[in-house]
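Colleague: Okay, here's the structure, questions in a sec.
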Amino acid sequence: MEYKKVKMKTTMKIMGIGCWNCKKDMKIALVDNTMPVSRLSDDLLEIARQHGVIIKESLSKTMEESYNACICPHCNSMFGDWFYHDYWYDTPIETIDVELNLDEDKG
């Protein structure tokens, strides 16, 4: 089966939230309402970082695996994938137009 690359225009939101651990301000990035940082391409990760989001590969004790996650700049706690959908409808600090690269079946 052959695939071609397809680009889809969408929105990245940079959100200001309170860290679950220390309650201080941190930033997270959301793309669509179902795409956490762990699923973003390198290009989109770089855009989020350019807008002040701290992203590092971190070990999730819940998932028992490592993946890219937003990190609190004050206490280094990770913001895991599970909670992203809670913030999609909040007011973002910034909204950025981005493109997702998708594979489409040519068959």
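The values are calculated or read from the model by the stated rules, or taken from the named source; none is laboratory data. Remember, it's a predicted structure, so these values are computed and weren't measured experimentally. All Cβ positions, even for glycine, are placed from backbone atoms using ideal geometry, and neighbour counts span all protein chains on display.
Colleague: From (1) charged (D, E, K, R); (2) under 16 Å from residue 95 (Cα atoms); (3) within 11 Å of the chain's Cα centre (by Cα); (4) at pLDDT below 90, pick out the condition that doesn't hold for residue 9.
Modeller: Failing condition for residue 9: (3).
Colleague: Another one. Looking only at the range 11-47, filter to residues that are among the charged types (D, E, K, R) and in a loop (DSSP other than H, G, I, E, B); which one of those is surrounded by the most Cβ atoms within 10 Å (Cβ to Cβ)?
Modeller: 32
Colleague: Could you give every pair whose Cβ atoms fall below 6 Å, whose first residue belongs to the range 74-85 and is within 15 Å of residue 18 (Cβ to Cβ), and whose second residue is assigned to a loop (DSSP other than H, G, I, E, B) and modelled with pLDDT of 90 or more, counting only separations of at least 6 or pairs across chains?
Modeller: Matching pairs, first to second residue: 74/22; 74/24; 75/21; 75/22; 77/19; 77/21.
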